[in-house]
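The values are calculated or read from the model by the stated rules, or taken from the named source; none is laboratory data. Everything numeric in this text was worked out from a predicted model, so none of it was measured. Counting neighbours? That spans all protein chains shown, and the Cβs are built from the backbone with ideal geometry, glycine included. Note: accessible area is taken over every heavy atom of the protein model, side chains too, but ligands, DNA and RNA are not part of it. Shrake-Rupley method; radii C 1.70, N 1.55, O 1.52, S 1.80 Å.
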Amino acid sequence: VGQVLYLRYLILKPVRAVTATFNEIAEGAGDFSRDMRPVSHDEFRELAEAYNRFAGKMRGIISEIRRASIEIAREAVQVK
């Protein structure tokens, strides 16, 4: 019984952490500002690290789009 509870803890804690992070992103309308905290040293850690790399790239893309849209707005004002 103890082993089953321990294994359940090892699996459920990381899954709940991943689920909580994705739910926060969904509720925040796609807010990629938070990284996922790795909570173990197995595949769940690899999943968290892969998500963090993905979110980092998304933050970079969003930043570039914001910069480009500001530049386009400036140019539109100058044309007017």
Item to complete: List, in order, the whole-Hz ³J(HN,Hα) value for each residue of the stretch 47-55 obtained from phi through the Karplus relation with A = 6.51, B = -1.76, C = 1.60 and θ = phi - 60°; use x for Gly and Pro.
Response: 4, 5, 5, 5, 4, 4, 5, 4, 5
Discussion item. In Å², and per residue, what accessible area does the chain have when probed at 1.4 Å with the other protein chains present?
Written reply: 82 Å²
Item to complete: Using Rg and Dmax of the Cα atoms in Å as the read-out, say which of (1) 12.2, 36; (2) 19.4, 74; (3) 13.5, 46 was calculated from these coordinates.
Response: (2)
Fill in: Carbon + sulfur, % of accessible area of the chain - ligands and nucleic acids excluded, 1.4 Å
61 percent
Worksheet item: What accessible surface, in Å², does a 1.4 Å probe find on Phe22, ignoring ligands, DNA and RNA and rounding to the nearest 10?
Response: 100 Å²
Worksheet entry | Options Ala73, Met36, Leu5, ranked by Cα towards positive dipole end of the chain, top entry (Cβ charges) | Ala73
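When the dipole is taken about the Cα centre of the chain, and only Lys, Arg (+1) and Asp, Glu (-1) are charged at their Cβ, what size is it in debye, to the nearest 20?
140 debye
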Fill in: Largest to smallest accessible area among Lys80, Lys13, Lys57 [probe 1.4 Å]
Lys80, Lys57, Lys13
Worksheet entry | Neighbourhood charge, 14 Å Cβ-Cβ cut-off, centred on Val39 and excluding it, Lys, Arg +1 and Asp, Glu -1 | -1
